[in-house]
Amino acid sequence: MAVVSCEMQASAETVFEALVDPTTYPDWLVGAQQIRAVDDAWSRPGARFHHRVGLVGPLTIADSTKVLEVEAPRRLTLEVRARPLGRGRATFLVQGPDEGPVTVELDEVPLGLLSILRPLLDPLTVVRNKRSLDLLADHLAAR
């Protein structure tokens, strides 16, 4: 399973604010290159933000991420896309006392045609997502 977690020296609200602020993603999410636009309805279910995802070097793909579920300040589920490569569901859980420190858990699963490749993708996803959560912790500590 592609579930990773990281302890963060921040309150649940502070962590959740970063998770629902797409403009922070290029600072901590491995592969996020640029946020192109954010829907006015963001962060309600169905709303999207539009981004560029880095593949290798300057090669990027333009796509979007959609909110599937939000339960502030504890849970955020997103449908992430980098087509034509695929799409997935990423769920962030913020656990621990409201005032912190908290543990952030990230569970990402491939959707659609990529789901049959999950046994091959999970090890790569774990490495990427662990690095992303470590970068998020650093990003929050620097604020």
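Extension gain, Leu114 to Met1, is 39.2 nm, computed as 0.36 nm per intervening residue step minus the present C-alpha separation. For the peptides 31-37, 115-121, the ranking by packing is 31-37, 115-121, with the highest mean count of neighbouring Cβ atoms within 10 Å listed first. Simple spin-label estimate for Asp122 and Asp134 gives 2.2 nm between the two label positions (7 Å along the Cα-to-Cβ direction from each Cα). Relative to the current alpha-carbon distance between Ala72 and Arg36, full extension at 0.36 nm per residue lengthens the span by 10.5 nm. Pair-distance distribution of the chain: all C-alpha pairs, bin width 10 Å, starting at 0; shares per bin in whole percent are 12, 44, 37, 7, 0. Where the accessible area of the chain is counted over protein heavy atoms with a 1.4 Å probe, how much of it, in %, is carbon and sulfur? Carbon and sulfur atoms account for 55 percent of the accessible area of the chain. The separation of segment 108-132 from segment 3-70, counted between C-alpha centres, amounts to 17 Å.
Among 58-68, 125-135, the peptide with the highest mean count of other Cβ atoms within 10 Å heads the list, and the full ranking is 125-135, 58-68.
Hey, what's the chain come to in accessible area per residue, 1.4 Å probe, Å²? It amounts to 53 Å² per residue over the chain.
The values are calculated or read from the model by the stated rules, or taken from the named source; none is laboratory data. Model, not experiment: these values are computed from the prediction. In this analysis, Cβ positions are derived from the backbone assuming ideal geometry, glycine residues included, and neighbour counts consider all displayed protein chains. Quick note on the areas: whole protein, heavy atoms, side chains included, nothing else; ligands and nucleic acids left out. Shrake-Rupley method; radii C 1.70, N 1.55, O 1.52, S 1.80 Å.
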